Amino acid sequence: MSRNILQTLSKKKNLILYYSIFFLFIFFFTTIYFLSLFKVVNFWTFSQAHVNYFDGYLKRGLFGTIMITLEEFTNISTRKIFSWFFIFLTTVNIILFFKILKKYINHYIIFIFLALNPTLMIFSFNDLGGYQRFDSISVFLILLHSYITEKNYSEKYYRRFFFNLIILIFAISLFIHEGIAFSLPFHIFLSYRIFKKKYKNYLPYFILVTLTVFVFLKPSNSLAIKSIEATAKSRDLWSDAMLLAAGTNTSLNDFINQFNINFLNIYNLKINLFFITISLLPLTILFIKKNLNNLFIIPAIFFILSPYLLSVFIGDVGRWINVMSFQILGIFYQYNVNYNNYEFFKNKIISKILIVPVLILCFFIRMPHCCDLEKKGITIWGGISSKLISYINIFKKNNDDFYNLNKRFKN
């Protein structure tokens, strides 16, 4: 059989794998979308999403102001608006994610590892506590900026995209969730690849830093804080979630407590380090070796990741590892990988052996989105296989409370 025919067959197999996993994602997330139209999947974030500016300034108040205003003018409930927002945003993220992954379809192990990695897109399917989080906005900007930068468009095109989309969405999103500021070093890194030392082009980042300082330091309005309890009661929401979003329930002791839980507790630390390692693997194996002579890139990577590596102080470590993983993918995506430089890819036996741990990782392991893992008895086991078992039990109408959607989720 000629070489051209073999290459054609190989490309067809790669495309079949690519679209099979893409549509598998669509199926998985469609089930969550459908559920979200009848139940509130993440009631914690849903409650926080109602923080608003009507009685004065509150942190994270922009989304609630827009959502409640839309409800008043359209008679569409905030529950529907909230659900459709995340259906749209998650779908866009999945499409961007697979556009990026198309670069890796020539090697199925790397592709499967990235596509189904429990720290990347499948994270919010495996653990529904990671779905309907405003971290999705950070993920959207990371994927979009990564995709555009890698295409090596002209500086003029990039500047238009940069000013009119990335900076604008980033600035607005700071008033939805200040955590998006943690990804600022990543975006500066991507811009540097285009602008180099043309420092005047970095002025928008100065504006974003100024807005970040404002959002973090400006105190919430005391009268608005008092109205949170009334809003929570009238709408049957969780007031503690809303107060936390407004920045009223945090102190130095809270940060110290989270550090003790996530870093000084060996059980929790081992799980967190395991998933940090998993998220770093593609970078470590396929990138560092090739670019070790670039003295700038290695400290730059750790600087970019540092806000998320310090997440042990603020809790919800799984969520921050998830965003960090997308940053690592975005960095990795900017550089081409020559598979011929790596012996284990050329050896068919080793390559087949590698697929076993990759499949175990992708189908039987899930990253928990938070919290005190030892106290709650949470392990790394679960993932896609566990979700499929849950689907079977739901359709069989298993009487266990775990499979009872009416008991697990609020209407």
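Every number in this text was worked out from the coordinates using simple rules, so none of it is lab data. All values reported here derive from a predicted model rather than from experimental measurement. Neighbour counts are summed over all protein chains in view; Cβ atoms, including those assigned to glycine, are modelled from backbone coordinates with ideal geometry.
In this rough spin-label picture, where each label sits 7 Å from Cα along the Cβ direction, the Ile355-Ser390 distance is 2.8 nm. Our note on the geometry: Cα centres of the stretch 131-169 and the stretch 23-63, 22 Å apart. Dipole size of the chain about its Cα centre, with +1 on Lys/Arg Cβ and -1 on Asp/Glu Cβ: approximately 1580 debye, rounded to the nearest 20. GNM remark for the chain: springs join alpha carbons under 10 Å apart, and the peak mean-square fluctuation among Asn42, Asn398, Asn272 falls on Asn398.
Can you give me the relative contact order of the stretch 50-188 as a percent, contacts being Cα pairs under 8 Å and 6 or more apart? It would help to have the intermediate numbers written out before the result.
On the way: 108 pairs, mean separation 35.4, N = 139.
Reported relative contact order: 25 percent.
Rounded to the nearest Hz, the phi-derived 3J(HN,Hα) couplings of the stretch 44-55 under the Karplus curve 6.51 cos²θ - 1.76 cosθ + 1.60 (θ = phi - 60°) are 5, 5, 4, 5, 4, 5, 8, 4, 8, 9, 4, 10, where x marks glycine and proline.
Candidates Thr45, His187, Gln334 compared by Cα position along the dipole of the chain: farthest toward the positive end lies Gln334, with charges placed on Cβ. Dipole magnitude for the stretch 184-286: computed about the Cα centre from +1 point charges on Lys and Arg Cβ and -1 point charges on Asp and Glu Cβ, it is near 700 debye.
Calculate for the chain the 222 nm mean residue ellipticity that helices alone would give, adding -39,500 (n - 2.57) per DSSP H run of length 4 or more and normalising by residue count, nearest 500 deg cm²/dmol.
On the way: 22 runs with 265 residues, N = 411.
Only helices count here, giving -20000 deg cm²/dmol.
The HN-Hα couplings worked out from phi for the stretch 74-86 by the Karplus form 6.51 cos²θ - 1.76 cosθ + 1.60 (θ = phi - 60°) are 10, 6, 8, 5, 4, 5, 5, 4, 4, 5, 5, 4, 6 Hz, whole numbers, x standing for Gly and Pro. By the rule of a C-alpha distance below 16 Å, with chain neighbours fewer than 8 residues away ignored, the lysines paired with Lys151 are Lys99, Lys102, Lys103. Checking (i) 59, 24, 15; (ii) 51, 24, 17; (iii) 35, 28, 21 against semi-axes √(5λ) of the Cα gyration tensor in Å calculated from these atoms, the matching label is (iii). Computed from backbone phi with θ = phi - 60° and the Karplus coefficients 6.51, -1.76 and 1.60, the 3J(HN,Hα) list for the stretch 160-176 is 5, 4, 4, 6, 8, 10, 4, 5, 5, 5, 4, 4, 5, 5, 4, 8, 9 Hz; x is used for glycine and proline. Database remark: amide H of Cys370 closer than 5 angstrom to the amide H of Gly318 (H placed geometrically; neighbours at sequence offset of 5 or more, or on other chains; Pro and chain starts carry no H). The mean sequence separation of alpha-carbon pairs under 8 Å and at least six residues apart, normalised by the residue count of the chain, gives a relative contact order of 22 percent.
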